[in-house]
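S.K.: Please find one structure pasted underneath; my questions will follow.
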Amino acid sequence: MASPISLVGPTPADLESTAQLEKHLRQAGLYESAEETAAREDVLRDLQGVVDRWVKRLTTQREYPDGMAEHATALLLPFGSYRLGVHGRGSDIDALVVGPAYVDRHHDFFDVLGGVLAETEAVTELQLVPGAYVPVIKMRFRGVQVDLLYASVCLPVVPSDLDLHGRSVLRGLDMATVRSLNGVRVADEIIRLVPDAGAFRTTLRCVKHWAKARGIYSNAMGFIGGVGWAILVARVCQLYPNAAPSMLVPRFFRIFSQWKWPNPVMLREIEHDDDGGEMPLGLPVWDPRRNPRDGSHLMPVITPAYPCMNSCYNVSRATLRTMTTEFDAAHKACQEIAAAGAWDALFRPFNFFKAYSNYLRVDVKVAGGEEDLREWKGWVESRMRQLVVRVEMATAGMLLCHPHPQAYAAKPHEDDRRRASSFFVGLSKPAPSPLQQQQQQPQFDLRLTTQEFKDEVYTYAFWRPGMELDVAHTRRKDLPPYVLEQILSTDRLKRKRSDDDSDKPESSPVKRAAAAGRIGSSPESET
């Protein structure tokens, strides 16, 4: 691990620029109001009550002693953006339920707790996904999106102060449980490893806001997800431990516009079983020297908690190419910001539907209700990166793909009662060489490629009649009107949020100075 590049701290101009950056992020709606924070805390408290009653009921049914049932409980631990302190308006909650050894995932969590949640008035849009890479229950709890994971630890009673930091808590667990526990363990380790949690949080909010605006925030689609962005930002914070966010953001884009992938990004040395530390557990750890398959990963961004894994294993050549282009463009934008001082230029949305002349349109259709559409759409989304890989391989790289991470609610014809949603992939050709410019540009027939993709998607284990998939070439001029309508609707909502924030009275000079870092505020104050 390299030592810091620079220990230089911020100048007054850097602090002023940080204040302007934070103002922009607030106007963009990236911070919750006090009311929204209270509502989110109420959701977590009430959900804790639901899982406590669930565990006590299971303990009683299995005729354990009364004293054991009385003390039976489960821990509900948020992770992800909420645990890192960078959640904002409308953010979902990723939460882990830690239960005792006798409460299993397959029956007790998905069947029993799933049934309890289905009968809970506060729960809507319930979706059970036991076959996912990390098994999850998805739902809305009083309107807040919650992704609920489960981990059963090798203890008869789960203490309220259970320590998840050491690797001993992983002993005897399967990989699905280890991956579930590591959501919390990785978030805690990231915060522990950054030199200034406040600067890290502001910088991460900024980078995530930029990534969403540029359409490159999606682990499922082969871009980078929340954990990956957090690790990348944390690494830059380690390299510039005394820098303010207005210094860290340009350095972030400069570093990753020049990064030589697949060199890995790591916050600490990879921990192996044979390092002479705690008892070996034999869990697979990312290391291409020992595991040849890891050497095929294009963008290794390694989680800091044992067992270390690549958080960006879904990245493909197409999505890496897109992200590299965006890193370079953002680096140039930051150079302009340094001269002009306006942060708006960094967050200009990528106009996906004007960037290309041709698209692949992937229509997901169901004959059932919204729950069926969410399930089928989620499965298709998880396979979209395979479509991108297939197209680029079938055309020997002469047709480049840019998948759009957002799905658009489709509007079928009036006589079509099916529900539908659409994904889009932008298509382009690489810049031709002088010799190629004199030759006729090749044409591509993707019918066989798209049919192979459809055949793969239809292998879904829970496929039911009425779940359909269409893939077709669409020119820009033929894009369906509902795409443009939803873009305009989103833009109007963003403008309204910005106007609402600008109407709020300014905070006191003392609070503004503390937010800018001029007064000795705690690194944790931003939460």
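S.K.: Which pairs have Cβ atoms under 7 Å, sit 6 or more apart or on different chains, and link a residue in region 316-337 that is assigned to a helix (DSSP H, G or I) and at pLDDT below 95 to one that is surrounded by fewer than 16 Cβ atoms within 10 Å (Cβ to Cβ) and not aromatic (Phe, Trp, Tyr)?
M.R.: Taking only residues 6 or more apart or on different chains, the pairs are Ala333/Ala345; Glu336/Ala345; Ile337/Ala345.
S.K.: What number of residues in region 81-105 are of a type outside the set (A, V, I, L, M) and under 16 Å from Pro135 (Cβ atoms)?
M.R.: 4
S.K.: Okay, moving on. Of all residues in region 410-431 being at pLDDT 90 or above and among the small types (Gly, Ala, Ser), which is most open to solvent (accessible area, probe 1.4 Å)?
M.R.: Ser428
S.K.: Identify, please: which residue in region 88-127 is in contact with a Pro (Cβ under 9 Å, 6 or more places away or on another chain), over 20 Å from Leu58 (Cα atoms) and not charged (D, E, K, R) and is, among those, surrounded by the fewest Cβ atoms within 10 Å (Cβ to Cβ)?
M.R.: Restricting to residues being in contact with a Pro (Cβ under 9 Å, 6 or more places away or on another chain), over 20 Å from Leu58 (Cα atoms) and not charged (D, E, K, R), the top hit is Ile93.
S.K.: Considering each of Ala199, Ala230 in turn, give the residue that is in contact (Cβ under 8 Å) with a residue 12 or more places away in the chain, open to solvent by less than 40 Å² (accessible area, probe 1.4 Å) and closer than 19 Å to Ile337 by Cβ.
M.R.: That would be Ala199, the only listed residue that is in contact (Cβ under 8 Å) with a residue 12 or more places away in the chain, open to solvent by less than 40 Å² (accessible area, probe 1.4 Å) and closer than 19 Å to Ile337 by Cβ.
S.K.: State all residues of region 2-19 that are of a type in the set (Gly, Ala, Ser), surrounded by 14 or more Cβ atoms within 10 Å (Cβ to Cβ) and not in a helix (DSSP H, G or I); if no residue qualifies, say none.
M.R.: Scanning region 2-19 gives a single hit, Gly9.
S.K.: For a quick check of your reading of the model, give me the residue pairs whose first member lies in region 34-49 and is over 24 Å from Ala72 (Cβ atoms), whose second is open to solvent by 40 Å² or more (accessible area, probe 1.4 Å) and part of a helix (DSSP H, G or I), with beta-carbon atoms closer than 9 Å and at least 6 apart or on different chains.
M.R.: Between residues of region 34-49 that are over 24 Å from Ala72 (Cβ atoms) and residues that are open to solvent by 40 Å² or more (accessible area, probe 1.4 Å) and part of a helix (DSSP H, G or I), the close pairs are Arg40/Tyr82.
S.K.: Please specify each residue of region 360-374 satisfying the condition of being under 14 Å from Thr450 (Cα atoms) and open to solvent by 40 Å² or more (accessible area, probe 1.4 Å).
M.R.: Arg361
S.K.: Also: Looking for something over 27 Å from Ile190 (Cα atoms) and touching a Cys at 6+ places or on another chain (Cβ under 8 Å) - is there at least one such residue anywhere in region 99-107?
M.R.: Scanning region 99-107, I find at least one residue that is over 27 Å from Ile190 (Cα atoms) and touching a Cys at 6+ places or on another chain (Cβ under 8 Å), so the answer is yes.
S.K.: Across region 292-301, which residue is farthest from the chain's Cα centre (by Cα) among those that are under 18 Å from Gly222 (Cβ atoms) and not in a loop (DSSP other than H, G, I, E, B)?
M.R.: Filtering first and then ranking leaves Arg293.
Residues are listed down the side, and each one gets a yes or a no for (1) under 27 Å from Lys23 (Cβ atoms); (2) of a type in the set (A, V, I, L, M):
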position: Ala220; (1), (2): no, yes
position: Arg235; (1), (2): yes, no
position: Leu239; (1), (2): yes, yes
position: Ala243; (1), (2): yes, yes
position: Pro250; (1), (2): yes, no
position: Ile255; (1), (2): yes, yes
position: Gln258; (1), (2): no, no
position: Trp261; (1), (2): no, no
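S.K.: Also: Which residues, taken from region 68-82, are part of a helix (DSSP H, G or I), farther than 18 Å from Thr37 by Cβ and small (Gly, Ala, Ser)?
M.R.: Within region 68-82, just Ala69 meets the criteria.
S.K.: Going by the structure shown, is Phe223 farther than 24 Å from Lys332 by Cβ, buried (at least 24 other Cβ atoms within 10 Å of the Cβ), modelled with pLDDT of 95 or more and of a type outside the set (Ser, Thr, Tyr)?
M.R.: Working: farther than 24 Å from Lys332 by Cβ: no; buried (at least 24 other Cβ atoms within 10 Å of the Cβ): yes; modelled with pLDDT of 95 or more: yes; of a type outside the set (Ser, Thr, Tyr): yes.
No: the conditions fail for Phe223.
S.K.: Is it true that some residue in region 175-184 is open to solvent by less than 10 Å² (accessible area, probe 1.4 Å), within 14 Å of the chain's Cα centre (by Cα) and in contact (Cβ under 8 Å) with a residue 40 or more places away in the chain?
M.R.: No, there is no match, as no residue in region 175-184 is open to solvent by less than 10 Å² (accessible area, probe 1.4 Å), within 14 Å of the chain's Cα centre (by Cα) and in contact (Cβ under 8 Å) with a residue 40 or more places away in the chain.
S.K.: Filter region 432-490 down to residues that are of a type in the set (Asp, Glu), modelled with pLDDT under 90 and either closer than 26 Å to Leu399 by Cα or open to solvent by 100 Å² or more (accessible area, probe 1.4 Å) (or both), then give me how many there are.
M.R.: Of the residues in that region, 0 qualify.
S.K.: Considering region 375-401 alone, what residues qualify as being open to solvent by less than 10 Å² (accessible area, probe 1.4 Å) and touching a strand residue (DSSP E or B) at 6+ places or on another chain (Cβ under 6 Å)?
M.R.: Selection gives Trp376, Val380, Met384, Val388, Val391, Cys401.
S.K.: Now for a different question. Any idea how many residues of region 83-137 are of a type outside the set (D, E, K, R) and closer than 21 Å to Ala38 by Cβ?
M.R.: Matching residues across region 83-137 total 13.
The values are calculated or read from the model by the stated rules, or taken from the named source; none is laboratory data. This is a predicted model, so every value here is computed, not measured. All Cβ positions, even for glycine, are placed from backbone atoms using ideal geometry, and neighbour counts span all protein chains on display. Heads up: the accessible areas ignore ligands, DNA and RNA and are worked out on the full protein's heavy atoms, side chains in. Shrake-Rupley method; radii C 1.70, N 1.55, O 1.52, S 1.80 Å.
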